[in-house]
1. Gain in length, Lys180 to Asn37, computed as 0.36 nm per residue apart minus the alpha-carbon separation, to one decimal in nm?
2. Using the Kirkwood formula over every pair of different C-alpha atoms, what hydrodynamic radius in Å results for the stretch 147-200?
3. Can you find, among Gln265, Ser230, Phe219, the residue farthest towards the positive end of the dipole of the stretch 219-279? Put +1 on the C-beta of Lys and Arg, -1 on that of Asp and Glu.
4. If ligands, DNA and RNA are left out, what is the accessible area of Cys55 with a 1.4 Å probe, given in Å² to the nearest 10?
5. Please label the shape of the stretch 17-125 as rounded, prolate or oblate, based on the square roots a ≥ b ≥ c of the eigenvalues of the alpha-carbon gyration tensor (a/c under 1.5 means rounded; beyond that, a/b larger than b/c means prolate, else oblate).
6. Which entries of Lys112/Lys180; Lys38/Lys112; Lys180/Lys330 show an alpha-carbon separation above 22 angstrom in the structure shown?
7. Which order do Thr225, Thr286, Thr165 take when ranked by solvent-accessible area (1.4 Å probe, heavy atoms of all protein chains), largest first?
8. Quote the FRET efficiency, to the nearest 0.05, computed for Glu158 versus Asn16 with a Förster distance R0 of 35 Å and r equal to the Cβ-Cβ distance.
Amino acid sequence: MASHGYFPTESELALNGAAQTALHERAAVATRIQFGNKVFVRAVVEVSNFCRKNCTYCGMRRDNRSLARYRAQAEQIAGLLIEHRPASVTDVNIQTGEDPAAVREVVLPLIKTLRRETSLGISVCLGTLSPELYAELQSAGASIFIMKFETGDAAQYEQLEAPGTLAERLRHVRLLAESKWNVSSGFIAGLPGQTPHDLLKNFELARSLPLSGCSVSPFIPGEDTPLAKSPTANPDWTFNCVSALRLMRPDWVIPAVSAFNLAAQDGYRRGLRAGANLVTINLTPTDVRGDYVIYKRDRFIMTEERVLNAISAEGLTPSKQGLADFYRGKPVNGVVTQKFSETAVQA
Ligand code: SF4
C-alpha cells in the first residue's frame, strides 16, 4: 500500500470556521497539484430500480412497496447516450439496484453497444454479483467498478442491513481489483449515532483497500425507509471527510455527489472546493428518474447546466481526458491494473 503519510484526526473531521477553510484549502491545493484545474465529467444512467437488498438507508430497498419499479430498455439508453450526450461527457456510469436480471438484459447489451459506437469510458455500479458476471461486464468493455463499503464498522454494517456482510463486500472489492478492474469505493458520513471517532474507521478501511477512488456521501434520511426520521448528516463533517480523503490519498479520484446539495446550500460547489475532482451529469430518462429514489422523490438532479456552472464558478474546467482513459496503465497501490492493449477503446 502506498503511504502518503497523512491520516485525519477526530478533531479535524469536526472542524468548522476558519480552521475548516484552511483544511479545505490544503486539500484543494493537493488536488490541483495532482490533477491541475481539470475535473472529470461522467454521465450516470440509472437503468433499473429493482433491488434484492434491503439497506435501511435507501429508498430502493426491497421492502419499499410504494415505489414503481422499472427496468429501462438498453436501446433507449444507448440512443440517448450515442445521440444526445453533452459534449463534456467522457465517461458513463451505468447504475442499478442489485438486480442481476437487469445486468443481463439491459447493462450487458448497453455496454456492448456503447463500446462499439462510442469512445466513452464505462463505469458500473451494480452491487455484488457473481465472478462470472463481473468477467462478462469487463469483457463487454466496462473497466471501473463502483462498490461502496458504506461503513467501516462491521456491526453497524449489519445493523443497516447493507448487502451481505462487510467482510463479504470487501472480498468483492479485492476480487474486482485483482481482476484488473479500477475499483472506487465509498462511505456514508453522518449515519445515525455516528461520531467523528467512528468516521476514522472509514479512513482506516479505505486506505487498506486497492482502490482508485473513494466517495463520501452525506447521510440523507430516505423517505419510506426505517431511518426516515433520523437527522441529515452534518455537512461540515461531510466536506471535512472529502478533504481528509484527498489529503490521505492525493491520487484518488473523489466524486462530488449530488447528495452534497441535499446536505448543504451550494453543497456541490463546497465539495469541489474541499477536494472532489469528478462530477456527474444525470442522464436517466426523465420519465423514470423520479422512481430512482435513493433518498427522496424530490431529488436534486445534476443537469449538464448545473454541473458545468458549478465547475466554472470554482475556476475549474472539464477534463478532455476521460476517467477510464486516465486510469489505464496507472498503478493502484503499486499494482498496474490494466494494460493499454487489454482495454483499447475504439474511436
Ligand atoms: S443501497 Fe443499493 S443494495 Fe442497498 S437497497 Fe439501495 S439500491 Fe439496494
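The values are calculated or read from the model by the stated rules, or taken from the named source; none is laboratory data. Values in this document were obtained by computation on a predicted structure and should not be read as measured data. Neighbour counts run over all protein chains shown; Cβ positions are idealised from the backbone, glycine included. To get the accessible areas, we keep the full protein, side chains included, count just its heavy atoms, and leave off ligands, DNA and RNA. Shrake-Rupley method; radii C 1.70, N 1.55, O 1.52, S 1.80 Å.
1. Extra length from Lys180 to Asn37 when fully extended: 48.7 nm.
2. Result for the stretch 147-200 stands at 11.8 Å.
3. Gln265
4. Surface open to solvent at Cys55 totals about 20 Å².
5. Since a/c reaches 1.5 but b/c is at least a/b, the shape of the stretch 17-125 is classed as oblate.
6. From the list (Lys112/Lys180; Lys38/Lys112; Lys180/Lys330), the Cα-Cα distance tops 22 Å for Lys38/Lys112.
7. Thr286, Thr165, Thr225
8. 0.65
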